[in-house]
Amino acid sequence: MSESKARKRAPIKGEIDAVVIGAGFGGMYMLHKLRELGVSVQGFEAGDNVGGTWYWNRYPGARCDVPSLFYSYTWSEELQSEWRWSEKYAAQPEILRYANHVADRFDLRPLIAFETRVLSAHFDERSDRWRITTDRGDVLDCRWLVTATGCLSTPRAPAIPGVETFEGATYHTGAWPHEGVDFSGKRVAVIGTGSSGIQSIPQIARQAEHVTVFQRTPNFSIPARNTPLTEEDIETFRQNYPAYIAMVKGPGMGFTGGLEVPIPDEEAQRKRYDELWAIGGAGFLAAWGNLLTDINVNDRAASYVREKIADAVKDPKTAKALQPFDHPLGTKRICVDIDYFETYNRPNVALVNLRETPIEAITPTGVRTREETYEVDAIVFATGFDAMTGALLSIDIKGLGGVDLKDAWAEGPKAYLGLGVAGFPNMFLITGPGSPSVLSNMINSIEQHVEWVTDCVAYMREHHFSRIAVDSAAQEAWVEHVRRVADKTLFPRAASWYMGANIPGKPRVFMPYIGRGYRKKCEDVAAAGYEGFVLAKEPADADAAA
Ligand code: NA7
């Protein structure tokens, strides 16, 4: 991997057309597109290299839950044809290599200031420009601000009493040491059983002397059935590529409207679940068009998965504790695993059910629950992220009238199409709240947003607009639409990070958009001269034109 490190550098000052925050897949493509457009652009990235999520989440077993052939940019045919994925579901190191390859292939590194955190972004209404400051003393004024800060990029560790007294090592899956961790001979506690816990526990268990898993809520997980990719797999994908692209650019995912399908009898249902279980992966949720809208259909599918858990886990008490009953299948992010449930059959793995015996404290030498103290050498927090809004709200963003984004979003995030926020002109969010984002293939959604933003910037330049501002009525209508669509589904029944439910005090709002036709809606908005936005020229330009 070629490294690009910004060790010591002079602060960046002055004016530029655009600033992009984040050099994950969203930021990298945005930089590429803006440069291609002839816009001067500066990227800022907290890490010392590209990759975003895949840069930080280096925990053992980290793997994408979207098949790698689909988790690839589609915007460059050369890139598409020259890159070869080795497995059905790529592991984190391979995805990070891909991100680095893209950065090198398209010469993106010169556009990015690494190891730099953006501290503030303040909008100046006289000049219609943002002033950006960073922790390296950069002060840059720009017309357009693009936040490509990621949906799952602010790791969150719970405030368990005594955590600071622990004498062993602690880790968070979302900020894993780059040099890796050797758990050989160690007794390890893993707290959390979302995707990150479910992926890492089997790997840690293979290495550590003993693993104690502290589970508050069991999750549904489908076996990945990961395999190496063969030449034949790749050839089949190539042949189907045009159809895949047509699908990506079509109405897209969505769980409501026109999807009521007759559900066959029990035997036929079982057959379908058996087939999908054998294929593996999140495609299990596509068993029926109304699996995520009809609780009766969902209940049957959920029972099927619970049965599979009971089959896999030998100890009946452990198996029971691992079966989820508190949320419909798929309404929390479905997990995709390799040998997760089977791992509990190992003699060196134990499950502690926190619903029966909650954690009371972390002691200098272990984890104390109401009933017992577990002595451990290391604690792994697989406790998730302040999802979708955490990264943005950690920046001091002030829009029109000096209004703070934190205040604008005090009752939950509000964004028009998940792309722009009323009161914060010339700021674009890549896969922001109110867009399909985490419920879609992120790469596809990133591309769609980046291309939309690029077109918008081109339009503004062509027509000499200096300001694009979201109309607050359009934003309210969109937010209401997002909520209504979600309410037609089973998603709001789960206390998920989609709802902000994993963060104490965070407003409970279903953040991603689940409806169909999102891409078309964005295209229509642009075609109608940016309907729902208000475009304006700089006062000086407007005077000249008058
Ligand atoms: P998740 O899915 O948010 O999972 C976090 C886990 O940590 C979940 O099991 C939580 O239980 C658990 N947790 C959180 N706080 C605590 C405390 N205080 N005590 C015990 N257990 C706790 O995060 P992941 O990193 O696994 O995955 C995030 C996404 O990344 C994933 O969906 C993929 O899209 C990729 P809870 O359910 O809150 O009871």
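Laboratory data are not the source of any read-out in this text; all were calculated from the coordinates shown. Because the structure is a prediction, the values reported are computed rather than measured. Note: ideal-geometry Cβ built from the backbone for every residue, glycine included; neighbour counts use all protein chains shown.
Scattering from the stretch 363-440 was approximated by placing one identical point on each alpha carbon and applying the Debye formula without solvent; log10 I(q)/I(0) at 0.24 1/Å stands at -1.16. Helix 472-487 and the longest principal axis of the C-alpha atoms of the chain enclose an angle of approximately 20°.
Shown here for the stretch 315-365: chymotrypsin sites (Phe, Trp or Tyr not before Pro) in loop regions (DSSP other than H, G, I, E, B) with at most 13 other Cβ atoms within 10 Å, namely 325. Taking a Cβ cut-off of under 14 Å around residue 118, the surrounding Lys, Arg, Asp and Glu residues balance to a net charge of -2, with basic ones at +1 and acidic ones at -1.
Using every pair of separate Cα atoms, the Kirkwood estimate puts the hydrodynamic radius of the stretch 1-74 at 14.3 angstrom.
Enclosing the Cα atoms of the stretch 117-267 in their convex hull gives a volume equal to 327 cubic angstrom per residue. Here the convex hull built on the C-alpha positions of the stretch 402-485 has a volume of 94 cubic angstrom per residue. Exposure proxy ranking for 182, 135, based on other Cβ atoms within 10 angstrom of each Cβ and starting from the fewest, stands as 182, 135.
Ordering 296-305, 21-30, 444-453, 7-16 by mean Cβ neighbour count within 10 Å, with the highest value first, yields 21-30, 444-453, 296-305, 7-16.
Kindly express, to the nearest 10 degrees and within the range 0 to 90, the angle between helix 25-37's C-alpha long axis and the longest C-alpha principal axis of the chain. For 25-37 against the chain, the angle is about 20 degrees.
Mean projected area of the Cα convex hull of the stretch 216-368, taken over all directions, amounts to 13.1 nm².
With all pairs of separate Cα atoms included, the stretch 1-159 yields a Kirkwood hydrodynamic radius of 16.6 Å.
Mean silhouette area of the stretch 295-442, derived from the convex hull of its C-alpha atoms and averaged over all directions, reads 13.1 nm². Taking other Cβ atoms within 10 Å as a rough exposure proxy, 32, 327, 101 sort from fewest to most as 101, 327, 32. Packing around the peptides 284-290, 408-414, taken as the average count of other Cβ atoms within 10 Å per residue, puts them in this order, highest first: 284-290, 408-414. Here, the stretch 171-242 has an Rg and a Dmax of 17.1, 51 Å when only alpha carbons are counted. Computed across the stretch 463-546, the Kirkwood radius stands at 15.5 Å (inverse of mean 1/r, all Cα pairs). Taking a cut-off of 15 Å, what percent of all Cα-Cα pairs in the stretch 451-508 are separated by more than that? Beyond 15 Å sits 68 percent of the P(r) for the stretch 451-508. Here the Debye sum runs over all C-alpha atoms of the stretch 388-546 as equal scatterers in vacuum, and log10 of I(q)/I(0) at q = 0.13, 0.16, 0.20 Å⁻¹ comes out as -0.62, -0.92, -1.38. Highest-first packing order for the peptide set 393-401, 54-62 is 54-62, 393-401, based on the mean count of other beta carbon atoms within 10 Å. Taking only the Cα atoms of the stretch 128-203, the ratio Rg/Rh comes out at 1.13, with Rh defined as the Kirkwood radius.
Computed from Cα positions, the angle between helix 231-248 and the longest principal axis of the chain comes to roughly 50 degrees. When you restrict to C-alpha pairs under 8 Å that are six or more residues apart and normalise by the size of the chain, the relative contact order lands at 19 percent.
For the chain, the mean residue ellipticity at 222 nm estimated from helices alone is -9500 deg cm²/dmol, where every DSSP H run of n ≥ 4 contributes -39500 (n - 2.57) and the total is divided by all residues, rounded to the nearest 500. Evaluate the Debye formula for the chain with equal point scatterers sitting on the alpha carbons, no solvent, and hand back log10 of I(q)/I(0) at q = 0.06, 0.07, 0.11 Å⁻¹, in q order, two decimals. Scattering profile of the chain, log10 relative to I(0): -0.30, -0.41, -1.04.
Shown here for the stretch 147-203: GluC sites (Glu not before Pro) in loop regions (DSSP other than H, G, I, E, B) with at most 11 other Cβ atoms within 10 Å, namely 167, 179.
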